[in-house]
Amino acid sequence: MKILFAASECVPFVKTGGLADVVGALPKEILKAGEDVRIILPLYKAIDQSWRDQMEHVLYFYINLGWRRQYVGIMKLVYSGITFYFVDNEQYFGRDYIYGMGGDEGERFAYFCRAVLESLTKIDWIPDVIHCHDWQTGLIPILLKAQYKHLELYKNIRSVYTIHNLQYQGLFPIDMMEDLLYLGPWAYTSEALEFFGMCSCMKGGIVFADEVTTVSPTYSQEIQTAYYGERLDGLLRARVDHLHGILNGIDTVAYDPSTDPHITQTYTAETYDRKVANKLALQRELGLTVDAEIPMIAMITRLSGQKGLDLVECVLPEIMNTGAQLVILGMGESRYVDLFSWAQWKYPNQVSANFQMNNVLSHKIYAGADLFLMPSLFEPCGLSQLISLRYGTLPVTRETGGLRDTVLAYNEYTGDGNGFTFLYYNAHDMLHVIENAVRMFHNQRDIFNGLAIRAMKGQYGWDQSAKQYIELYEMVKKRAEDEAAAEANKPAENPAE
């Protein structure tokens, strides 16, 4: 099969969140299975010159974006055996940011969706399936069905659409989007793109893709409810027969404590006792009290309300009273920047707040911390808890979305579990679990270490999930072949009738 991933970000080229990790890792497993998988994404200014130097200019052409005539350059790079295509346009992507500051996000990604489809015949590679990710590529399925399906080279292409986070839907004025797309009035009805008076790119993907996936089984169930559904729950229930929850994995080569070049001391489940060297080194680096007997709690997160930081704010003094150290790494809302800046001032040598995106430091934190806190209000999948498990850093999580699918609470009667969890979105429920985890660290270290070793032995790669995606691609490809065969066998119309 030929599968094209269309996405707005991908490691190692550009990353703002977990989407980039998924798009960077999943195709590697699909490639291992023998499929021809390729990736297309924008050529942002943020992509490092070292990558640009390796790119080959393939061709350029122009597309119509409403009344506009826009340049499209296609650059190509083969990395880890996978062909990457980059859509080059300085007007839209030659900026100092990836998302959200220019006021023309709708136009930027409408352009990208159109450029992806127009490029297929130019690069002489027609995929069987286009796998679209999040709102930035949500217009591809509707454009494919409405404006390209009648063309011979496009008629058998099918689409799969993955919802990474339903909260970010790509909502723009209908008049503006029609000025870009020329779809016609039918496209802005409640059965298509219209969403409370706006045009929803996310809705376009959900309605018009052949199959829709989410990044964990629990999240696929949650978003069919009013609480988690972001006003799309009715639509998702209507499409339930085409909705699949497939759990994300992580890149187990990039995140491997036995070979990680970024950490002070490599270790395995069999040499777990070496892990403490990473904590001591991290304490020194961050200016914390250097003491192996002080438990360290880490949060590597986007600083937003979704991540449960208001719960942390409610009981921060009580968390500090446990004696644990708290290490924060992330960027986001000023409210939480202020909170953790204050905490670092209030609790010197006990709190370290780092407001940056720093891949090397994140690896050091995963390896050095004892506990990893993720009290999310909702979590489509979450990758951080999987990475922390891989590094033997026990997660403290709320039972929602992918966190519920991956973190099993410690059971003191059976000994089962790989972390600590709480169910209700309540600050004191979270605090109670943190206190129990810290107490176990101090008083039952053998049990604590046993849980960490068990966590390290878990399977967190993409192999099983990749098989599920391949089965999905095969299903939509076969459906396309069956439809083509049925069309070919249809009796010819009699002109005389």
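Values for this structure:
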| quantity | calculated |
| --- | --- |
| The stretch 155-170: number of residues that are out of contact with any Leu (no Cβ under 7 Å at 6 or more places or on another chain) and more than 17 Å from Val240 (Cα to Cα) | 8 |
| Top-ranked residue in the stretch 424-447 [being in a helix (DSSP H, G or I) and of a type in the set (S, T, N, Q); ranked as surrounded by the fewest Cβ atoms within 10 Å (Cβ to Cβ)] | Asn443 |
| Residue list for the stretch 266-299, filter: touching a Gly at 6+ places or on another chain (Cβ under 6 Å) and hydrophobic (A, V, I, L, M, F, W, C) | Leu282 |
| Verdict on Gly450 being in a loop (DSSP other than H, G, I, E, B) and either surrounded by 17 or more Cβ atoms within 10 Å (Cβ to Cβ) or without any contact (Cβ under 8 Å) to a residue 60 or more places away in the chain (or both) | no |
| Selection count where residues are of a type in the set (A, V, I, L, M) and more than 24 Å from Ile140 (Cα to Cα), scope the stretch 47-77 | 1 |
| Qualifying residue in the stretch 479-486 (condition: surrounded by fewer than 22 Cβ atoms within 10 Å (Cβ to Cβ) and either in a loop (DSSP other than H, G, I, E, B) or of a type in the set (Phe, Trp, Tyr) (or both)) | no |
| Residue count, the stretch 336-358 (criterion: in a helix (DSSP H, G or I) and either within 22 Å of Thr397 (Cα to Cα) or assigned by TED's automatic domain parsing to the domain that holds Gly17 (or both)) | 5 |
| Matching residues, the stretch 397-418, being part of a strand (DSSP E or B) and surrounded by 24 or more Cβ atoms within 10 Å (Cβ to Cβ) | Thr397, Arg398 |
| Some residue of the stretch 145-156 being on the phi < 0 side of the Ramachandran plot, surrounded by 24 or more Cβ atoms within 10 Å (Cβ to Cβ) and in contact (Cβ under 8 Å) with a residue 24 or more places away in the chain | no |
| Residue satisfying condition, being more than 28 Å from Lys145 (Cβ to Cβ) and surrounded by fewer than 17 Cβ atoms within 10 Å (Cβ to Cβ), within set Thr264, Thr268, Thr218 | Thr268 |
| Residue within the stretch 101-120 that is in contact with a Lys or Arg (Cβ under 9 Å, 6 or more places away or on another chain), surrounded by fewer than 14 Cβ atoms within 10 Å (Cβ to Cβ) and either touching a residue at least 24 places away in the same chain (Cβ under 8 Å) or not hydrophobic (A, V, I, L, M, F, W, C) (or both) present | yes |
| Subset of the stretch 425-447 that is free of Cβ contacts under 8 Å to residues at least 12 places away in the same chain and touching a strand residue (DSSP E or B) at 6+ places or on another chain (Cβ under 8 Å) - its residue that is farthest from Gly308 (Cα to Cα) | His432 |
| Matching option when the condition is under 30 Å from Thr214 (Cβ atoms), over 20 Å from the mean Cα position of the chain (by Cα) and not aliphatic (A, V, I, L, M), among Lys76, Lys32, Lys45 | Lys32 |
| Single condition Thr421 does not satisfy, out of (1) modelled with pLDDT of 95 or more; (2) buried (at least 24 other Cβ atoms within 10 Å of the Cβ) | (2) |
| Set Leu303, Leu280, Leu288: member being farther than 17 Å from Asn354 by Cβ and in the same structural domain as Leu431 (by TED's automatic domain parsing) | Leu280 |
| Filtered residue count, the stretch 439-466, keeping only those that are more than 29 Å from Asn321 (Cα to Cα) and of a type in the set (Gly, Ala, Ser) | 4 |
| Conditions (1) out of contact with any Pro (no Cβ under 7 Å at 6 or more places or on another chain); (2) within 23 Å of Leu394 (Cα to Cα); number of the one not met by Tyr227 | (2) |
| Qualifying residue in the stretch 471-486 (condition: of a type in the set (Ser, Thr, Tyr), closer than 24 Å to Arg302 by Cα and at pLDDT 95 or above) | no |
| Close pairs from the stretch 177-188: first without any contact (Cβ under 8 Å) to a residue 24 or more places away in the chain, partner not in a helix (DSSP H, G or I), Cβ under 7 Å, at least 6 apart | Trp186/Ala192; Tyr188/Glu194; Tyr188/Cys199 |
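The values are calculated or read from the model by the stated rules, or taken from the named source; none is laboratory data. Please read these numbers as outputs of a predicted model, since none were measured by experiment. Note that we place each Cβ from the backbone using ideal geometry, even for glycine, and neighbour counts take in every protein chain shown.
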